[in-house]
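The values are calculated or read from the model by the stated rules, or taken from the named source; none is laboratory data. Predicted model only: the values in this text are computed from it and were never measured. When we count neighbours, we look across all protein chains shown, and the Cβ atoms used for this are built from the backbone with ideal geometry, even at glycine.
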Amino acid sequence: MKKFLAILLLISSFSQAQFSISGTVTSSLDTDWVVLYKTENAKQRFVQNTTIKKDSVFMNGSHQTIGTFQFELPADTKIGAYKIKYRTNGEGFVDFIFNKENVSFAFHPDYPEQTILFSESKENITYTNYLTETAAQQQKLDSLQITFINNNQLDLSLSYRAARTVLNNIQQKYLERSKKMYVHSFIKAGLRANPSEIKPNVKEYISHVRTTFFNTIDFSNQALINAPFLLDKITNYIFYIHYSENLQTQQKLYKKAIETVFSKIKNSIFKKNVIEFLIGKFEENKNLEMIDFLFEGYYYQLPKSLINDTFKNDKLTLLGTEVGRKAPDFSWKENGKNLQLSTLNEAKNYVLVFWSTDCSHCLKEIPELHAFLKNKKDIKVVAFAMERNTLIWTNMKTTLPNWHHVLGLNKWQNKTALTYSIVATPTYFILDANKKIIAKPNRLKDLEAFVYNLKKVDY
């Protein structure tokens with residue numbers, strides 16, 4: 001009986017065989033944790049976390065701190081692209097492929113992409129070698145192309161064709177080597193469609209790159225969808241391949257590139273995640289036109305079950321008070337009348353100021369603002385007071401005649417203050433006659449400078 005139980009335990013241990021993911025950080029790191037994620041449809045799914053063991057070693061004539069960590073993965077762990085993050089802020093991650101084998105690597109935390117070295121994992125070693133070889137040869141090909149564009153008198157055609165042949169041979173070598181491997185899809189999609197002949201000018205070269213950029217990429221391939229690869233390609237295509245110093249031209253290029261990308265994506269979940277990713281990218285530069293373009297042209301066209309109302313509302317609220325947006329509307333009662341910001345029709349411009357009677361800066365600046373705008377008849381002030389009670393405000397507003405005074409109780413938790421994302425007082429907005437936000441001065445002197453430069457206001 002005991003022997004039988006031992007056999008069962010042995011069989012069980014084999015069935016629960018694990019794979020290990022181990023890493024060595026070749027420099028000191030200001031964290032004790034690393035987190036493992038799986039990439040799926042352009043999103044990261046948490047898998048597990050573990051601690052970093054730190055040791056002091058003597059290297060290159062001095063003591064240095066290195067860190068080691070290891071994850072144990074069960075036998076049924078899904079094959080695919082994984083990411084290890086070791087910093088909560090900024091760049092700090094390593095991408096790798098898991099395909100039912102142990103993975104071991106070392107890297108410098110400040111330069112992970114440039115320094116990562118896999119010591120175990122056929123998949124990752126093959127793919128890393130492929131990237132290294134093709135990048136070096138692609139650089140030679142690009143150098144010849146740039147040199148020829150700068151000097152068309154040089155005869156570089158034979159050199160270009162030879163370099164292109166070498167690159168294609170490298171590609172073919174790794175396609176053969178990676179057969180039946182998970183990374184085969186990435187290698188197949190990795191080669192750029194370089195022109196067969198050297199291009200004579202920048203315009204023709206860029207045109208070729210734009211029209212052939214996705215030639216080798218299968219947007220229905222689930223391995224590509226569930227990896228950073230495809231999202232990285234989309235990012236490069238939109239933000240780097242389509243570039244202009246002219247703002248209007250740039251917006252047109254963005255739209256054209258986005259239209260091309262989404263014409264190729266059929267997977268609805270991946271499409272949703274790419275849209276949200278791009279909205280986040282354009283949010284970094286407060287590019288409201290492109291954010292609206294993505295929401296109206298693509299996000300709202302998704303199946304209703306995929307639209308994330310929280311994401312949508314958060315983004316629209318966050319950007320709702322940026323320059324170029326129409327100021328969020330609100331209403332108030334004044335001298336027995338119901339007034340509304342959007343329907344005011346008294347001036348060419350408006351100053352909307354959020355302030356409070358228990359703000360020392362406000363008690364100084366608000367009277368100064370009143371004095372500055374006193375004789376400027378084409379500007380009307382809407383003073384929104386964020387208060388806990390009415391006592392002091394009732395008295396102080398009488399010292400600020402000819403303004404619209406709005407009382408907002410509950411101070412920071414006031415609904416309108418939250419809509420405008422007010423985190424400090426005073427906060428200024430300058431509006432045009434249609435209540436579009438045209439400026440958000442940080443200080444009173446910035447407001448004064450902007451008012452002086454208003455071309456449509458005649459004082």
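So which of Tyr130, Tyr182 is under 29 Å from the mean Cα position of the chain (by Cα), in a loop (DSSP other than H, G, I, E, B), modelled with pLDDT of 95 or more and not assigned by TED's automatic domain parsing to the domain that holds Thr31?
Tyr182
Has segment 56-68 got any residue that is on the phi < 0 side of the Ramachandran plot, surrounded by 17 or more Cβ atoms within 10 Å (Cβ to Cβ), at pLDDT 95 or above and not small (Gly, Ala, Ser)?
Start the filter on segment 56-68 by keeping residues that are on the phi < 0 side of the Ramachandran plot, which leaves 56-59, 62-68.
Right, trim to surrounded by 17 or more Cβ atoms within 10 Å (Cβ to Cβ) and you get 66-67.
If we keep only those that are at pLDDT 95 or above as well, we get none.
No, segment 56-68 contains no residue that is on the phi < 0 side of the Ramachandran plot, surrounded by 17 or more Cβ atoms within 10 Å (Cβ to Cβ), at pLDDT 95 or above and not small (Gly, Ala, Ser).
For every residue, the table says whether it meets (1) surrounded by 12 or more Cβ atoms within 10 Å (Cβ to Cβ); (2) in contact with a His (Cβ under 9 Å, 6 or more places away or on another chain); (3) assigned by TED's automatic domain parsing to the domain that holds Gly408.
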| position | (1), (2), (3) |
| --- | --- |
| Phe295 | yes, no, no |
| Asn308 | yes, no, no |
| Lys326 | yes, no, no |
| Leu339 | yes, yes, yes |
| Leu352 | yes, no, yes |
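Give segment 364-395 a look and list any residue that's among the aliphatic types (A, V, I, L, M) and more than 26 Å from Lys435 (Cα to Cα), or say none.
Leu391, Ile392, listed by residue number.
Could you pull out the residue among Val381, Val451, Val406 that is in contact with a strand residue (DSSP E or B) (Cβ under 8 Å, 6 or more places away or on another chain), assigned to a helix (DSSP H, G or I) and in contact (Cβ under 8 Å) with a residue 24 or more places away in the chain? Write out each step before concluding.
Details: Val381 fails: assigned to a helix (DSSP H, G or I); Val406 fails: assigned to a helix (DSSP H, G or I).
So the residue among Val381, Val451, Val406 that is in contact with a strand residue (DSSP E or B) (Cβ under 8 Å, 6 or more places away or on another chain), assigned to a helix (DSSP H, G or I) and in contact (Cβ under 8 Å) with a residue 24 or more places away in the chain is Val451.
Restricting to segment 195-234, what's the tally of residues that are outside any helix (DSSP H, G or I) and buried (at least 16 other Cβ atoms within 10 Å of the Cβ)?
10
Out of Tyr237, Tyr254, which single residue is part of a helix (DSSP H, G or I) and within 30 Å of Asn152 (Cβ to Cβ)?
Only one candidate qualifies: Tyr237.
With the requirement that a residue be free of Cβ contacts under 8 Å to residues at least 12 places away in the same chain and either of a type in the set (D, E, K, R) or in contact with a Leu (Cβ under 7 Å, 6 or more places away or on another chain) (or both), what does segment 260-319 give you?
Glu284, Asp292, Glu296, Lys304, Asp309, Asp314
Among the candidates Ser119, Ser143, which residue alone is modelled with pLDDT of 95 or more, more than 30 Å from Tyr205 (Cα to Cα) and of a type in the set (S, T, N, Q)?
Ser119
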